[in-house]
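Following: one structure in structure tokens, then a few remarks.
Read-outs throughout are calculated quantities, based only on the coordinates presented, and are distinct from any laboratory measurement. As the structure is a prediction and not an experimental result, all values here were calculated from the model. Cβ: placed from backbone, ideal geometry, glycine included. Neighbour counts: every protein chain shown.
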Amino acid sequence: MVLGTIVEKLGLGVKTAPRDLTSEVTGAYVSDLLSDVMANSKEGNLWVTLQVHPNIVAVATLKDLSGIILVNGRQPAEETLKKAEEEQIPLMTTGLPTFQLVGKLYNLIGEC
Amino acid sequence: MVDEKEITKVQELVYELKVGQVMVKDVITVTPHNLMSELRDLLRDKRISGVPVVDKGRLVGLVSIEDFIKCLTDGKMGSPVEERMNRNVKTLYDNEPLVHAVKEFDRMGYGRFPVVDRESGKLMGIITKGDIIRGLLKKMEIDYQEEEIHRYRASHFFEDIVADKTTLIFQYNVIGKDFDRAGETSSGLKKTLRRMGISPKAIRRLAIATYEAEMNIVVFTDGGEITARVTPQEVRVEVVDSGPGIPDIKKAMEPGFSTAPDWIRELGFGAGMGLANIRKCADAMHLESTVGKGTRLEITVYLNEKEKHGSGNDS
């Protein structure tokens with residue numbers, strides 16, 4: 001599924017310039033441990049986390065993730081937003097807690 | 001997916017290109033005082049269906065093949081162009097984006113628009129749908145050629161070097177405790193290796209291993225250096241710091257073992273997976289450390305697919 005469709009269906013807030021919401025999402029990975037994401041996420045995955053510091057962008061860039069969803073109404077740090085723009089990593093927010101967001105996301109894209 | 005991406009590229013170009021870049025500048029024009037009978041040869045010889053009427057450089061009207069036919073039926077071929085031309089001409093400006101032109105063609109259904117200078121009203125050129133298509137194709141071809149040249153340069157990097165042995169060295173300084181800049185070295189190295197045309201698989205493993213090593217420097221030390229040595233056969237990343245050192249390397253290698261303080265863990269670091277991740281990604285890994293002096297880590301990834309890779313041996 002294309003990222004833009006997921007953004008629309010889940011009512012996510014897009015924090016970065018919405019130029020590249022056409023990338024194909026290959027599934028999702030949910031974790032707040034950066035090393036875990038480094039080790040186990042797959043290329044094109046959407047990453048769900050509550051971490052908001054700039055390093056999440058580095059991880060997403062290195063693993064070629066399709067984007068990051070910040071849960072529970074958390075907002076990205078200013079530096080994080082700047083880096084995300086630089087690296088063109090789509091950064092999205094939701095007011096939902098992780099459990100509910102991931103439930104909805106799973107219903108959308110399933111076990112891909 | 002491919003379709004959507006191509007549409008996006010064209011859409012991007014339509015906003016990027018200006019009307020002035022794709023219009024035809026060498027325009028055939030007539031003056032208001034030319035006679036309608038003079039149009040016959042012009043329309044036939046040049047195979048055009050409309051001509052802008054220009055008086056002292058300024059556009060004053062447009063005379064089309066329909067105007068000509070109507071004039072012919074009325075039997076008024078001796079009248080000057082200014083009596084038969086359309087004075088209410090819809091124009092475009094040379095400095096507006098092409099997307100406006102596309103919209104106007106859609107809206108008005110005209111075959112052509114004269115292009116004028118926004119300030120002076122001077123005729124600059126003329127644009128048809130065909131010009132837009134040609135302009136877009138040309139721009140896409142130029143972009144594609146640049147991309148091709150770029151790709152060629154990158155992927156033939158080593159082949160173009162004449163030497164018995166080639167090693168490229170990239171060095172990065174890592175600042176300790178600077179979480180804002182953490183990850184820049186591994187991102188930078190990844191980009192560099194990609195431009196050299198190294199296989200994405202090898203790059204991914206190197207990027208992960210280098211990232212973990214970089215984070216170790218940031219979290220635990222006051223700073224260090226990361227040096228990547230690239231040969232056609234392998235990439236060796238050396239990570240050196242003068243930090244606290246590791247008391248028990250064997251224990252530090254165990255997945256989940258961590259000495260990171262709570263505040264670091266709250267940031268999502270210090271999961272005790274770093275060295276384990278490095279071992280998983282590297283073809284060879286060498287770690288030596290002296291408490292109070294520092295740590296030296298060597299990570300090697302082979303670029304030749306035939307070489308053994310997978311879980312590396314640590315020593």
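Using every pair of distinct Cα positions in region B:89-171, the Kirkwood expression returns a hydrodynamic radius of 16.6 angstrom. Distance between the modelled labels on A:VAL2 and B:ASP55, one decimal in nanometres: 5.1 nm (7 Å Cα→Cβ projection). Straightening the chain between B:ASP164 and B:ILE133 buys 6.1 nm, computed as 0.36 nm per residue apart minus the Cα-Cα spacing.
FRET efficiency for the A:ARG74 to B:ASP262 pair, using the beta carbon distance and R₀ = 22 Å, is estimated at 0.65.
For region B:2-136, treating each Cα as an identical point scatterer without solvent, what Debye log10 I(q)/I(0) comes out at q = 0.10, 0.17, 0.22 1/Å? The computed values of log10 I(q)/I(0) come out as -0.36, -0.89, -1.29. Taking other residues whose beta carbon is less than 10 angstrom from the beta carbon of A:GLY44, and scoring Lys, Arg as +1 and Asp, Glu as -1, yields -1. The amide H of B:GLY176, built 1.01 Å from its N in the peptide plane, has B:GLY223, B:GLY224 as neighbours under 5 Å, considering only residues 5 or more places off or on other chains. Subtracting the Cα-Cα distance of A:LYS9 and A:GLN100 from their residue separation scaled by 0.36 nm leaves 31.4 nm. Put +1 on the Cβ of every Lys and Arg and -1 on every Asp and Glu Cβ in region B:168-314; which of B:GLN171, B:GLY245, B:LEU287 then has its Cα farthest towards the positive end of the dipole? My answer, from the dipole projection, is B:GLN171.
In chain B, a dipole from Cβ-located charges (positive for Lys and Arg, negative for Asp and Glu) runs towards its positive end, and of B:VAL60, B:ALA101, B:ILE203 it is B:VAL60 whose Cα lies farthest in that direction.
Name the shape class, rounded, prolate or oblate, that the alpha-carbon gyration tensor gives for chain A, where a ≥ b ≥ c are the square roots of its eigenvalues, rounded holds for a/c under 1.5, and otherwise prolate holds if a/b is larger than b/c and oblate otherwise. Rounded.
Legend: calculated FRET efficiency, B:THR231 to B:ASP106, from the Cβ-Cβ distance at R0 = 51 Å, rounded to 0.05, equals 0.35. When you restrict to C-alpha pairs under 8 Å that are six or more residues apart and normalise by the size of chain B, the relative contact order lands at 13 percent. Between B:ARG296 and B:HIS33, the simple label model (points 7 Å from Cα in the Cβ direction) yields a spacing of 9.2 nm.
From the P(r) of the protein assembly as shown, could you give the percentage of C-alpha pairs in the tail past 38 Å?
So the pairs more than 38 Å apart make up 45 percent of the total in the protein assembly as shown.
Around the Cα centre of region B:2-136, unit charges on the Cβ atoms of Lys, Arg, Asp and Glu (plus for the first two, minus for the last two) sum to a dipole of about 240 debye.
Please report, ordered by residue number, every helix of chain B (full DSSP H runs) that is 18 Å or longer along its axis going by C-alpha atoms and whose mean Kyte-Doolittle hydropathy reaches -0.5. Helices meeting the span and hydropathy rule in chain B are B:200-220. Looking at the protein assembly as shown alone, DSSP beta bridges between its own residues are antiparallel in about 75 percent of cases.
All other residues whose Cβ lies under 14 angstrom from that of B:PHE105 are scored, Lys and Arg at +1 and Asp and Glu at -1, for a net of +1. Both the radius of gyration and Dmax for region B:168-314 are 14.4, 44 Å, in that order, over alpha-carbon atoms.
Pairs from the table (B:LYS103/B:LYS138; B:LYS9/B:LYS191; A:LYS82/B:LYS190) all lie within 27 angstrom of each other at Cα.
Mean sequence separation of contacting Cα pairs (under 8 Å, at least six apart), scaled by the length of region B:121-206, corresponds to a relative contact order of 30 percent. When the alpha-carbon atoms of chain B are used, the pair Rg, Dmax equals 33.8, 106 angstrom. Shown here for region A:45-112: trypsin sites (Lys or Arg not before Pro) in loop regions (DSSP other than H, G, I, E, B) with at most 16 other Cβ atoms within 10 Å, namely A:ARG74. Using the average count of surrounding beta-carbon atoms within 10 Å as a protection proxy, the listed peptides B:69-77, B:195-203, B:47-55, B:162-170 rank, highest first, as B:47-55, B:195-203, B:69-77, B:162-170.
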